[in-house]
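Asks: Below you will find the structure I want to go over with you.
Every read-out reported here was derived from the displayed coordinates using simple, explicitly stated rules and does not represent laboratory data. Computed from a predicted structure; not experimentally measured. Methodologically, a virtual Cβ is constructed for each residue, glycine included, from the backbone with ideal geometry; neighbour enumeration extends over all protein chains shown.
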Amino acid sequence: MSSAEIIGKPLLRREDRRLLVGQGRYLDDLAVPGALHVCFVRSPYAHARIVSIDASAAVEIEGVVGVFTGVELAEWTTPLRMAPAIEGLLPVESTALPLDKVLFIGDPVACVVARDRYIAEDAAALVEVDYEALEAAASFDAAVADGAPLLYDDVPGNLVSHQAFSSGAPENILDTAEIVVEAAFHQHRVTHAPMETRGCIAEWDEGQQRLTFRLGSQAPHPLRSQLARRLMLEESQVRIICPDIGGAFGQKIALLREELVVAALSRHLRRPVRWLEDRMENLLAAVHARQESCRTRAAVSPDGRILALTLSMDVDFGAYCFYPANYMARVVAMILTGPYRISSYGYDVKVALTNKCGSGPMRAPMAIASWVMEGTIEAIARRLGLDPVAVRRVNLLRDADLPYAMQTGEVAGDITPAQCLDRLLADAEYDAFRKRQAEDRERGVYRGLGLCSVVEPSTYGSAFYKAAAIPGSGHEAGWVKVEPSGAVNASVGLMGSGHGYETVFAQVVAEGLGVDAETVRIHMGDTDVAPYGMGTRGARGATAGGSVLLLAAQAVRRKALTIAASMLNLNTADELQLQAGRVQRRLADQWSDTGVTLASIAHVAYLDPLRLPEGLEPGLEAHRAYDPPPMTYSNAAHACEVLVDVRTGKVTVERHTVVEDCGRVLNPMIVEGQQHGAIAMGLSGALLEEVVYDEDGQNLTGSFADYSIATAVEIPPMRVINLGKPSSSTPIGSKGMSEGGVMGAIGAVTNAVNDALAPFGVVAERLPLSPQYLRSLLRGKT
Amino acid sequence: MIVEAYERLPIALTVNGRSYDVTVEPRRLLSDVLREDCGLTGTHVGCEHGVCGACTVLIDGRPARSCLTYAVQMQGASITTIEHHGASGELSALQQALHERHGLQCGFCTPGIVMTMQAWLDENPEPTEEGVREALSGNICRCTGYQNIVDAVLVAAGRQADMRKAGK
Ligand code: FES
Ligand code: FES
């Protein structure tokens with residue numbers, strides 16, 4: 001294999017071996033002699049005043065070092081103030097642990113530190129907290145109702161964010177339109193549920209005045225900045241080290257309160273302190289996601305063309321803001337129109353704080369967008385009696401329309417929605433399905449096929465954040481270093497949790513530099529080693545991380561060839577190339593080996609620098625930062641085929657087909673794995689998963705017996721076809737992927753169920769598509 | 001609530017053919033003893049309530065949830081963990097197939113899946129896809145969507161059958 005063609009090969013993952021034989025090193029596998037263990041005491045109330053905390057019985061237990069509450073923590077840490085200057089968004093502040101009030105079931109009120117985890121849990125059960133129960137606001141409607149109990153004194157009506165936008169006078173068009181189609185979409189609360197729960201190990205070094213903090217983090221550098229700030233330390237006093245991570249999906253980005261507490265306790269006690277979250281804590285109190293209700297109104301022409309569209313969206317955000325509360329909803333609203341030409345659009349988005357676990361981004365935070373847009377298309381087709389494919393086609397962007405600026409200003413460049421849809425209809429055997437469906441209906445068997453087109457945003461460059469008034473950057477950083485022996489080390493600010501970065505980035509560096517992939521080692525997740533980058537989120541790994549490593553590797557190659565030219569007594573390096581670590585020279589259109597190797601170049605660069613061409617500094621390394629375009633968009637079309645048992649309401653997904661264009665594919669095997677995982681997460685969420693709270697804010701889903709995740713039996717065979725049109729706006733040519741699968745699966749499966757139920761004249765507009773819910777729609781109709 | 005000091009009992013465990021003498025409280029979970037007292041951290045704990053399958057080990061050759069088993073019950077039993085599959089430096093047919101078919105991402109569920117499916121393959125040497133999915137349904141994988149794991153198990157079954165034939 002020529003090293004110029006390593007990107008794009010399905011190289012097997014180098015991280016697999018250790019994971020397959022039980023030699024992975026996840027957080028809890030790290031032995032730290034003398035470490036104390038922490039257990040949190042958590043609120044059994046959704047909303048209550050803390051009257052008193054009595055830990056006298058707990059500290060009596062042998063092996064307990066201490067019990068700490070919000071009062072002590074407030075001395076050692078600064079509060080989190082989430083207050084970006086965004087119009088319509090109110091600032092919210094929270095302390096490390098609550099001082100006077102708990103805001104949801106599972107809110108940590110005290111922290112027990114003990115010799116081992118069993119003792120810490122025993123003692124936690126003996127901490128007596130006296131609460132004065134308060135009325136809870138446990139839903140969006142309850143929170144914004146007149147006279148609702150307030151979570152924060154300075155958030156009136158619990159309405160933390162209200163943003164509106166309109167372009168092209170949609171309201172006027174809707175007021176005068178002959179045909180207006182309305183549709184509703186209620187997405188339920190779900191949670192990330194990585195198989196490895198959260199946890200951390202803090203080691204304060206009193207001599208060095210330095211904290212080493214180990215945890216699974218997708219974004220180690222921003223986490224370090226935040227941790228240092230909140231502990232009132234310098235960034236140079238904090239080192240984050242990430243071991244292997246057993247899944248993250250967005251739950252392991254921001255610094256959450258337990259982690260801050262553990263770090264502060266290590267410094268206070270001058271001892272290593274560790275915490276491992278149990279599954280119940282993870283389900284009740286880590287981070288939740290996605291509870292959003294949307295309504296759309298579309299003015300349409302008789303042939304299904306959308307003349308104007310409005311979205312209203314209500315978000316139940318939960319109690320705490322570790323992210324700006326408007327952020328996820330805003331992305332939904334900004335990209336809603338996706339692959340369609342819609343010249344008049346407006347939105348109205350409200351976010352309420354409620355007495356539930358706080359929300360954060362989860363793999364495809366904007367997941368609902370595709371379901372809402374495609375469900376609106378389906379509603380239009382139903383209303384007009386048209387084929388839903390025909391309605392899609394009349395609105396779909398064509399090549400001639402591109403690049404297309406959506407009304408919100410988002411620019412979709414290299415997308416291929418029409419090509420993906422055409423190919424999908426052929427591969428999913430759409431026409432044959434319609435025939436089969438009709439025959440089956442005759443015999444009382446109800447099948448459905450649902451389509452969903454997806455436009456998936458990724459990269460989120462700095463210009464995106466600036467435009468959205470969110471503080472921070474969207475750049476990524478990396479370095480590539482050839483060591484004196486010719487060995488290659490490289491690093492990037494991202495941290496993976498199963499993404500295969502060690503393999504994919506080795507491919508990128510190998511191709512950029514001109515060596516074999518096996519010779520490249522990627523180092524991530526240690527802030528003393530890795531450059532300051534923004535981490536893994538928003539499907540930006542390949543595009544932001546891959547691009548920056550390619551740029552750094554190319555810079556090293558240029559320097560290596562300059563040195564080689566001088567070693568060969570040539571004036572320029574123009575006729576030289578590096579292949580598999582050897583320098584070749586072009587002579588009469590033939591590349592031939594020069595005998596100079598990367599190792600010999602490195603030797604000169606480090607150990608014999610007097611031989612370097614004038615002006616070149618010793619060493620062979622490059623450090624680059626890369627700020628991607630504000631957004632790159634990939635796109636896909638999904639088809640999901642279901643069978644609905646109308647007597648029981650049970651949905652069986654029979655197959656799922658996707659045609660996706662995520663640009664240049666760096667490693668097709670790994671990309672397909674990400675696509676499968678995303679589709680499965682979307683299907684599982686739409687069909688089974690749900691964080692259930694009752695009216696009083698009691699969480700009824702504290703175990704995997706209650707919060708059910710799809711198994712191999714519920715997930716269907718999946719087929720993914722990649723149409724890779726390289727992005728013209730990123731050096732590496734990829735456009736981002738791995739979230740779109742979630743978006744497409746939710747929309748496609750819901751449209752499929754509604755297609756199956758069409759003979760009964762009912763439409764599912766809530767998730768999950770549980771047997772109970774579907775039966776409730778069908779009652780009296782079957 | 002009163003917390004009593006628990007009596008600690010000495011037990012002898014046999015893990016991967018090696019014996020370990022440990023002294024444990026009766027309530028101590030086998031998963032914790034394997035990971036903390038024996039230093040065998042390949043067995044992972046994903047839920048501690050018997051649903052996810054991450055902690056699966058073999059007890060006297062049969063798959064069992066080590067998070068639902070007390071270590072004191074294991075006196076005299078023979079336990080096999082993931083560390084057994086790989087001790088030789090070679091991957092088993094199933095591990096190799098999982099590698100080639102990209103049947104793992106974060107890898108946290110993987111040891112439990114290898115333990116479960118190897119035991120199942122030993123009893124079901126000619127599986128169907130449906131059978132594999134059914135057998136796998138006691139293990140949650142949040143990353144892969146299962147498709148590649150299912151394929152890998154089928155590939156491993158085929159290779160094991162070839163090896164058996166070659167051995168005959
Ligand atoms: S940890 Fe034992 S089944 Fe989940
Ligand atoms: S590979 Fe991550 S849970 Fe299975």
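Asks: Can you pull out the residues in the range B:120-168 that are within 15 Å of ligand 1 (Cβ to nearest atom) and either surrounded by fewer than 24 Cβ atoms within 10 Å (Cβ to Cβ) or aromatic (Phe, Trp, Tyr) (or both)?
Replies: Within the range B:120-168, B:LEU136, B:SER137, B:GLY138 qualify.
Asks: For B:CYS55, state whether it is within 30 Å of A:LEU284 (Cα to Cα), within 13 Å of chain A (Cβ to nearest Cβ) and free of Cβ contacts under 8 Å to residues at least 40 places away in the same chain.
Replies: no
Asks: Which of the residues spanning the range A:390-409 are aliphatic (A, V, I, L, M) and in contact with a Phe, Trp or Tyr (Cβ under 7 Å, 6 or more places away or on another chain)?
Replies: A:LEU396, A:LEU397
Asks: Which one is farthest from the other protein chains (Cβ to nearest Cβ), of the residues in the range B:62-85 that are of a type in the set (Gly, Ala, Ser), surrounded by fewer than 24 Cβ atoms within 10 Å (Cβ to Cβ) and over 23 Å from B:VAL132 (Cα atoms)?
Replies: B:GLY76
Asks: Read through the list (1) part of a helix (DSSP H, G or I); (2) within 30 Å of the chain's Cα centre (by Cα), then give the number of the only condition that A:GLU121 fails.
Replies: So A:GLU121 meets the others, but not (2).
Asks: Between residues in the range B:125-144 that are more than 8 Å from chain A (Cβ to nearest Cβ) and residues that are more than 16 Å from ligand 1 (Cβ to nearest atom) and assigned to a loop (DSSP other than H, G, I, E, B), which pairs lie under 7 Å by C-beta distance while being six or more apart or on different chains?
Replies: Note: pairs meeting the criteria are B:GLY131/B:ASN124.
Asks: Under the condition of being in contact with a strand residue (DSSP E or B) (Cβ under 7 Å, 6 or more places away or on another chain), of a type in the set (Val, Ile, Thr) and within 30 Å of A:ILE6 (Cα to Cα), which residue from the range A:702-760 is surrounded by the fewest Cβ atoms within 10 Å (Cβ to Cβ)?
Replies: For the range A:702-760, the residue satisfying everything is A:ILE721.
Asks: Does the range A:659-718 hold any residues that are within 16 Å of ligand 1 (Cβ to nearest atom) and either within 8 Å of chain B (Cβ to nearest Cβ) or without any contact (Cβ under 8 Å) to a residue 12 or more places away in the chain (or both), and which are they?
Replies: Result: A:SER703, A:PHE704, A:ALA705, A:ILE709, A:THR711, A:ALA712.
Asks: Please verify whether A:VAL556 is assigned to a loop (DSSP other than H, G, I, E, B) and over 30 Å from A:GLY741 (Cβ atoms), treating the condition exactly as stated.
Replies: no
Asks: Something else about it: Being part of a helix (DSSP H, G or I) and within 16 Å of ligand 2 (Cβ to nearest atom) is the requirement here; does B:GLN73 meet it?
Replies: Judged against the criteria, B:GLN73 is not a match.
Asks: Next question, about the same structure. Could you please let me know if A:ARG624 is basic (Lys, Arg), part of a strand (DSSP E or B), more than 14 Å from chain B (Cβ to nearest Cβ) and touching a residue at least 60 places away in the same chain (Cβ under 8 Å)?
Replies: Taking the combined requirement at face value, the residue satisfies it.
Asks: Another question about this same structure. Condition (residue is assigned to a strand (DSSP E or B) and more than 16 Å from ligand 2 (Cβ to nearest atom)) applied to the range B:29-46: is it met by at least one residue? Walk me through it before giving the result.
Replies: Within the range B:29-46, the first condition is being assigned to a strand (DSSP E or B), and the residues that meet it are B:29.
Now restrict to residues that are more than 16 Å from ligand 2 (Cβ to nearest atom): B:29.
Within the range B:29-46, one or more residues are assigned to a strand (DSSP E or B) and more than 16 Å from ligand 2 (Cβ to nearest atom).
Asks: Give the residue that is surrounded by the fewest Cβ atoms within 10 Å (Cβ to Cβ), with candidates limited to residues of the range A:182-202 that are within 14 Å of another protein chain (Cβ to nearest Cβ) and small (Gly, Ala, Ser).
Replies: So, considering only residues that are within 14 Å of another protein chain (Cβ to nearest Cβ) and small (Gly, Ala, Ser), the one surrounded by the fewest Cβ atoms within 10 Å (Cβ to Cβ) is A:GLY199.
Asks: Let me ask something additional. Tell me, which residue of the range A:42-69 that is assigned to a helix (DSSP H, G or I) and surrounded by fewer than 22 Cβ atoms within 10 Å (Cβ to Cβ) is nearest to the chain's Cα centre (by Cα)?
Replies: Among them, the one singled out is A:VAL59.
Asks: Which residues, taken from the range A:234-250, are within 16 Å of ligand 2 (Cβ to nearest atom) and either under 24 Å from B:GLY42 (Cβ atoms) or within 11 Å of another protein chain (Cβ to nearest Cβ) (or both)?
Replies: Of everything in the range A:234-250, those that are within 16 Å of ligand 2 (Cβ to nearest atom) and either under 24 Å from B:GLY42 (Cβ atoms) or within 11 Å of another protein chain (Cβ to nearest Cβ) (or both) turn out to be A:CYS242, A:PRO243, A:ASP244, A:ILE245, A:GLY246, A:GLY247, A:ALA248, A:PHE249.
Asks: Also, I was wondering about something else. Only one of these conditions is not met by A:CYS39: (1) part of a loop (DSSP other than H, G, I, E, B); (2) within 14 Å of chain B (Cβ to nearest Cβ); (3) surrounded by 14 or more Cβ atoms within 10 Å (Cβ to Cβ); (4) at negative phi. Which number is it?
Replies: Tallying (1) part of a loop (DSSP other than H, G, I, E, B); (2) within 14 Å of chain B (Cβ to nearest Cβ); (3) surrounded by 14 or more Cβ atoms within 10 Å (Cβ to Cβ); (4) at negative phi, A:CYS39 fails exactly one: (1).
Asks: Name the residues in the range B:145-159 that are assigned to a helix (DSSP H, G or I) and either of a type in the set (A, V, I, L, M) or at the interface with chain A (Cβ under 8 Å from one of its Cβ atoms) (or both), would you?
Replies: Filtering the range B:145-159 for residues assigned to a helix (DSSP H, G or I) gives B:147-159.
Correct list: B:GLN147, B:ASN148, B:ILE149, B:VAL150, B:ALA152, B:VAL153, B:LEU154, B:VAL155, B:ALA156, B:ALA157.
Asks: So B:CYS106 ticks every box in (1) more than 16 Å from ligand 2 (Cβ to nearest atom); (2) part of a loop (DSSP other than H, G, I, E, B) but one. Which box is left unticked?
Replies: (1)
Asks: Suppose the filter is within 12 Å of another protein chain (Cβ to nearest Cβ) and either within 16 Å of ligand 2 (Cβ to nearest atom) or not in a helix (DSSP H, G or I) (or both); does B:ILE113 pass it?
Replies: Details: within 12 Å of another protein chain (Cβ to nearest Cβ): yes; either within 16 Å of ligand 2 (Cβ to nearest atom) or not in a helix (DSSP H, G or I) (or both): yes.
Yes; evaluated as a whole, the condition is true for this residue.
Asks: Now, a different point. Could you list all residues from the range A:235-253 that are under 15 Å from A:GLY525 (Cα atoms) and not β-branched (Val, Ile, Thr)? Please lay out each step first, then the result.
Replies: Of the residues in the range A:235-253, the ones under 15 Å from A:GLY525 (Cα atoms) are A:238-248, A:252-253.
The answer is A:ARG239, A:CYS242, A:PRO243, A:ASP244, A:GLY246, A:GLY247, A:ALA248, A:LYS252.
Asks: Take the residues in the range A:719-762 that are away from chain B (no Cβ under 14 Å) and basic (Lys, Arg), then tell me which one is farthest from the chain's Cα centre (by Cα).
Replies: Checked the range A:719-762; the qualifying residue farthest from the chain's Cα centre (by Cα) is A:LYS725.
Asks: In the range B:22-52, which residues are small (Gly, Ala, Ser) and either more than 9 Å from chain A (Cβ to nearest Cβ) or under 16 Å from A:GLU277 (Cβ atoms) (or both)?
Replies: At the first step, the residues of the range B:22-52 found to be small (Gly, Ala, Ser) are B:31, B:39, B:42, B:46, B:50.
Matches in the range B:22-52: B:SER31, B:GLY46.
Asks: Among the residues of the range A:293-319, how many are among the acidic types (Asp, Glu) and touching a Phe, Trp or Tyr at 6+ places or on another chain (Cβ under 8 Å)?
Replies: 2
Asks: Considering only residues that are touching a Leu at 6+ places or on another chain (Cβ under 7 Å) and within 12 Å of ligand 1 (Cβ to nearest atom), which ones fall in the range B:9-55?
Replies: B:LEU34, B:THR43, B:GLY50
Asks: Looking at the range A:435-448 only, could you name the residues that are touching a Pro at 6+ places or on another chain (Cβ under 8 Å) and exposed (fewer than 15 other Cβ atoms within 10 Å of the Cβ)? Don't jump to the end; show me each part of the working.
Replies: Here is the first cut: in the range A:435-448, the residues touching a Pro at 6+ places or on another chain (Cβ under 8 Å) are A:441, A:446.
Scanning the range A:435-448 gives a single hit, A:ARG441.
Asks: On to the next question. When you go through A:GLN579, A:GLN554 one by one, which is the residue that is within 19 Å of A:ALA510 (Cβ to Cβ) and surrounded by fewer than 16 Cβ atoms within 10 Å (Cβ to Cβ)?
Replies: It is A:GLN579.
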